[in-house]
Every structure is written in C-alpha cells, then in structure tokens.
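The values are calculated or read from the model by the stated rules, or taken from the named source; none is laboratory data. Keep in mind that what you see is a predicted model, and the values were worked out from it rather than measured. Using ideal geometry, Cβ is built from the backbone for each residue, glycine included, and neighbour counts are taken over all protein chains shown. Heads up: the accessible areas ignore ligands, DNA and RNA and are worked out on the full protein's heavy atoms, side chains in. Shrake-Rupley method; radii C 1.70, N 1.55, O 1.52, S 1.80 Å.
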Amino acid sequence: MKVTFGSTLALFASLASAVNAHTYLSKLNIGGTQYDEGVCIRPYPTNRNYPIKDVLSTDMTCGVGASSTSAAQNCPAEAGSTVTVEWHHNNDSASDDIIDPTHLGPCMVYMAPLSSNGEGDVWFKIFEDGYDASSGQWCVNKIIANKGKLDITLPADIKAGDYLLRTEVIALHEADTDYAQNSARGAQFYVNCAQLSVTGSGSAEPKGYPIPGIYKSTTPGVLFNRYSSFTSYPIPGPEVYVAGAVSGGDSSSSEEAAPSTTPEDNGAASTEYTTTDDTAAPTTAPTDDATEYTTTPADSATEYTTTSADDSAAPTSSAPAYTTSTVVVPGKCH
C-alpha cells in the first residue's frame, strides 16, 4: 500500500480525534455530597470512554461490560432532589477536555429499578436536552462549558427503592450515515450507569421501555445529518416522565409513534428516512476544516476519521483537499 504525505496527515489527525473525542460518567453530587468514580457508579473496563455504535447491543443498557458488574454501594438520594452528574474524558483535572467539541449532540438520563438490572421494559426517561435553535447550542456545548456537570432532578413521586441511573450522550458527528449500512460511521453513544437508593413517600412506577430496544439505527435523532440546514432536532427515545403523570409517555422511536421517519422496515437494512428539518443525508464529501474523512475499512479493522476542532460548517465540495490512500489501524475506536 502506498502511503502519501496527505494520507499520513489524515491518519495523525484521526488519531488526535480518537484521543480527544470520548467521555464517561466520572462523578455524582447528591445533596452536597460528592461520590467519585468507583463508589456508586458501576465499574468501568479499561476502555471506559469508548462509544457504543450498535443500538441493538446489550452494551446499550449500562455501557461496555457494565451489565455484569455492580457498584460498591447505592448512593442515597431523595425523590425530587437534584443529582449533578459529571462527565470527563480522561480524569477530573481542571484541564480535562470533557469531550471533543466536534462531538455535538444531546444528553439523556433514564432510571430503572435496580432489581431488573436494566433488562426488559423497565427504563423511563427523566431528563433530555438536545438542540437550542435560538442559541445554536447542543447539550454537549453546555456540559463542556460547565466542566462536565449537568443537574438532573429526580421525579418527586417515584416509589422509594433502589434504582439504576443511566446517563447517555449521543455524538452526532458521523450520524449522517446509517450504522447498519456502514459500521465505520453512525451515531456514537456514551452510556454509563450509577446505583441510587431513593427515599420518599411517592408510589409512582412510570411506564418502562427496553434498552436496547428504544432505538433503531434509522430512528430520527440517531440517523441525523448535522451538516445540513436544520432548525430543530428530534430527541430519540420515549418522552420524559413528569411527576404526577400516569406513565412515562409514548416512545418517539416505537412503531406507532414515529411521525418524522419513514423507515422501510424494522431491520438493519433500512436506510431511507425523512425528517421535518433534515431531509437528506449529505451527497458530497467535505473538504474544508469543518468536517471529516473516512478511510476504507479492511476486514475487522476499525476505520479512523479525521476531525477538525470545529465541524459546524456544512460540506462544500466533493473533492478532498489532500491526496489520501487507505490507512487502516486495527483495534482502535474513533
């Protein structure tokens, strides 16, 4: 294989992106008490900040390998109280970059009874934050600006007991492509679980949904062209449970409730979709400093994507700005 100077630069840029890209749940602050990693957050594997891309994987439940682990304790929390979740990329130092700023997307938080271990129709959403058209800001922008921190309010009426608290960040920088059609691209999910012991006098048991199961690779908000002209973003998954409601609402990704999409079927092969403000996947390859190039995968090797510091602009040309050739590095994640 001939490796040109341009392709070498592309490889180094992609490796830099891999170093700066990812994030994981590092801390919880409940009632003024900080709980560090390894207390009530489920233990992590070595690659704790790697994303999940297959929405049908069991890793979607609590993160890579976390369904078979348990936290050291269940952290106490009162129903209706505020839990501050805190994400980081490498560590909790002041200089930590939290997540690469090109990895823009929404944040969601779910809960499920701990006794279920996250299996079955048990997950109800308690928080979501997507895209603010008035400011042009995503939830990822907010958590970067706030040093990884995000305040979440637990439903005031939920039944006392032990729960899983599941945090989720979706990076949309490659979500213009259906993962089921090209596994080198697709939305990237950063998922983690903590364990809480919730007190209170409530009795509500919100309607639950399965994870995996709430998303398809073609669900609007999972398949989303961030490089097109859009004015809104359809946050995937069920509606947020509101205290006092009978149930957690209907899932926007269910068969009966997906008004903004027209997938051909429920299988992985479906790629056709439409959304109100984001009707088509890009048809040209980006060439400016705002977008990404992808090498061709070989067998089981993982593909790398070059990413610049700012990918807010839409693609403007079909020709790369430099000469590239296939450069594949096995066993890595972008």
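With respect to the conditions (1) more than 16 Å from the chain's Cα centre (by Cα); (2) assigned to a helix (DSSP H, G or I), V140 lacks only one, and its number is (1). Y179 falls short of the stated requirement of being over 23 Å from I30 (Cβ atoms), open to solvent by 50 Å² or more (accessible area, probe 1.4 Å) and touching a helix residue (DSSP H, G or I) at 6+ places or on another chain (Cβ under 9 Å).
Of all residues in region 66-81, at least one satisfies being free of Cβ contacts under 8 Å to residues at least 12 places away in the same chain and open to solvent by 10 Å² or more (accessible area, probe 1.4 Å). Scanning region 145-173 for residues that are over 20 Å from the mean Cα position of the chain (by Cα) and of a type outside the set (V, I, T) yields L154, P155, A156, D157, K159, A160, G161, D162, Y163. Residue-level check: of (1) polar (S, T, N, Q); (2) assigned to a loop (DSSP other than H, G, I, E, B); (3) in contact (Cβ under 8 Å) with a residue 40 or more places away in the chain, S197 misses just (2).
The listed residues are E119, E128, and the only one of them that is open to solvent by 30 Å² or more (accessible area, probe 1.4 Å), touching a residue at least 12 places away in the same chain (Cβ under 8 Å) and under 24 Å from Y227 (Cβ atoms) turns out to be E128. Among the residues examined, L172 does not qualify as within 26 Å of Q73 (Cβ to Cβ) and open to solvent by less than 30 Å² (accessible area, probe 1.4 Å).
Results for (1) surrounded by 24 or more Cβ atoms within 10 Å (Cβ to Cβ); (2) touching a residue at least 12 places away in the same chain (Cβ under 8 Å); (3) over 28 Å from A94 (Cα atoms), shown as yes or no for each residue.
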{"position": "W123", "(1), (2), (3)": "yes, yes, yes"}
{"position": "S134", "(1), (2), (3)": "no, no, yes"}
{"position": "K142", "(1), (2), (3)": "no, yes, no"}
{"position": "N146", "(1), (2), (3)": "no, no, no"}
{"position": "I158", "(1), (2), (3)": "no, yes, yes"}
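Checked against (1) in a loop (DSSP other than H, G, I, E, B); (2) at pLDDT 95 or above, N49 meets all criteria but (2). Tell me, which residue of region 200-222 that is of a type outside the set (S, T, Y) and assigned to a strand (DSSP E or B) is surrounded by the most Cβ atoms within 10 Å (Cβ to Cβ)? That would be P220.
Scanning region 89-119 for residues that are assigned to a strand (DSSP E or B) and over 14 Å from the mean Cα position of the chain (by Cα) yields a count of 3. Looking at region 176-183, is at least one residue at positive phi and touching a residue at least 40 places away in the same chain (Cβ under 8 Å)? Taking every residue of region 176-183 in turn, none turns out to be at positive phi and touching a residue at least 40 places away in the same chain (Cβ under 8 Å).
Here the condition is being under 19 Å from K147 (Cα atoms), of a type outside the set (D, E, K, R) and either open to solvent by 50 Å² or more (accessible area, probe 1.4 Å) or not in a loop (DSSP other than H, G, I, E, B) (or both); of L56, L25, it holds for L25 alone. A count restricted to region 133-147 and to residues that are closer than 12 Å to I98 by Cβ and polar (S, T, N, Q) stands at 2.
Every condition in (1) under 28 Å from F224 (Cα atoms); (2) open to solvent by less than 10 Å² (accessible area, probe 1.4 Å) holds for D97 except the one numbered (2).
Of the residues V85, V39, the single one that is open to solvent by less than 50 Å² (accessible area, probe 1.4 Å), among the hydrophobic types (A, V, I, L, M, F, W, C), at pLDDT 90 or above and part of a loop (DSSP other than H, G, I, E, B) is V39.
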